[in-house]
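Notes follow once the structure below has been shown.
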Amino acid sequence: MDTAQLKKDIIAYSKKIGIDKIGFASADVFGELKERLRRQQELSYQSGFEKGTVEERTEPERLLPEAKSIISIALAYPSRMKDAPKSTKEERRGLFARASWGTDYHVVMRDRLEKLAAFIKEQVPDVANRLMVDTGELSDRAVAERAGIGFSGKNTSIITPEFGSYVYLGEMITNIPFVPDDPVDDSCGECTKCIDACPTGAIVQGGQLNAQRCIAFLTQTKDFLPDEFRTKIGNRVYGCDTCQVVCPKNQKIDFHIHPEFEPEHGVSKPVLKPMLRISNREFKETFGHISGSWRGKKPIQRNALIALGHYKDKTAVDDIIKVMRTDPRPVIRGTAAWSLGKIGTEEAYMAIKEAMETEQDEQVQVEMEKGMAFQEVYQAKT
């Protein structure tokens, strides 16, 4: 087999099917990553969403015994929304992170990988491979770094020379022994803008993230959001882009190459109040095609309530009162009470006070007391 020519053919074909970057890496053990992951576990910095053991995440042969190489691919996505709708006093809007704009990237990336795998199989019928997009055991970033797609920035994102860090990543483990590509030199230098700008201090140091403090992770949790983070998430209903937005490597970077990733105004910047009463069916129909819907509507609704409190949206008081009184989910009722307290109208105060008389859930009662405490502070000031 002429692997050098096959590699050239694969690169040429990748461009035909809309892959923006492709790189080839060895399937050797990711020794440095293994130590970092163990350290992350010791410090309890992991999100809990990670798949597989440390060994499975760092030893490709555990996933494909005959592994010889890994092919890494990247697709660029937009960083700016054209004609983005504005929030108004009557219609406050939330925000999905850029990585959730357009069609779920898992679907798009897998389509590209499957086409690439089919092409390789035509050339090498007995090829063995395994495809992964984000939800696989391997670290997409570690593979992309080794394959020369980009370098791993202090914000823990892969930063490419062409597209900055606004790229989705996926990979294919294969039994074909390709010559690996050279890594890209790290060029973060002395810059610490991402570390300094992180709203919650989740970037502990360059390249090390405490996922438990990362807003991108926190917006996906389903329980009550810890108090210290509620004022930090602002109007984000899913994800966080701050560490990418401030990165000098991302300035003036905005690629609209793939129509699938173009944001829909009503989806990527949704009006918040309708989110409170959306049914499961409506949620699936409206948001089911984006990656930010994977945890269901509960975290999104909780975050919408926090955002309305952040805005102190008095026009939302009636809607939030109804949620507090009737929603069967304690997290949603409790967060609604907290939000009413933040908004701070007399109507909101009386509604919390009344609801406290019948509320049975202890956690919800605690949130109601927080809402009442906000009101008492406001009254003392006036």
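The values are calculated or read from the model by the stated rules, or taken from the named source; none is laboratory data. Treat the numbers as computed from the prediction; the structure is a model and nothing was measured. All Cβ positions, glycine included, derive from the backbone under ideal geometry; neighbour counts span all protein chains shown.
Some values worked out for this structure:
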item	result
Candidates GLU359, GLU369, filtered to the one that is over 23 Å from LYS86 (Cβ atoms), of a type outside the set (Ser, Thr, Tyr), assigned to a helix (DSSP H, G or I) and free of Cβ contacts under 8 Å to residues at least 40 places away in the same chain	GLU369
Single residue of LYS284, LYS232, LYS252 found to be within 24 Å of TYR77 (Cα to Cα), part of a loop (DSSP other than H, G, I, E, B) and of a type in the set (Lys, Arg)	LYS252
Enumeration of residues in segment 12-33 that are at pLDDT 95 or above and either of a type in the set (Ser, Thr, Tyr) or assigned to a helix (DSSP H, G or I) (or both)	ALA12, TYR13, SER14, LYS15, LYS16, SER26
Residue in segment 177-199 that is in contact (Cβ under 8 Å) with a residue 60 or more places away in the chain, part of a loop (DSSP other than H, G, I, E, B), of a type in the set (S, T, N, Q) and more than 29 Å from PHE24 (Cα to Cα) present	no
Single residue of ASP126, ASP134 found to be closer than 28 Å to GLY239 by Cβ, assigned to a loop (DSSP other than H, G, I, E, B) and among the acidic types (Asp, Glu)	ASP134
When residues of segment 62-88 are limited to those that are over 15 Å from VAL127 (Cα atoms) and among the charged types (D, E, K, R), the one surrounded by the fewest Cβ atoms within 10 Å (Cβ to Cβ)	ASP83
In segment 297-317, residue surrounded by the fewest Cβ atoms within 10 Å (Cβ to Cβ) [restricted to those that are under 16 Å from SER268 (Cα atoms) and free of Cβ contacts under 8 Å to residues at least 60 places away in the same chain]	LYS297
Residues satisfying the stated conditions in segment 96-118, i.e. charged (D, E, K, R), out of contact with any strand residue (DSSP E or B) (no Cβ under 9 Å at 6 or more places or on another chain), under 29 Å from ASP9 (Cα atoms) and part of a helix (DSSP H, G or I)	ASP111, LYS115
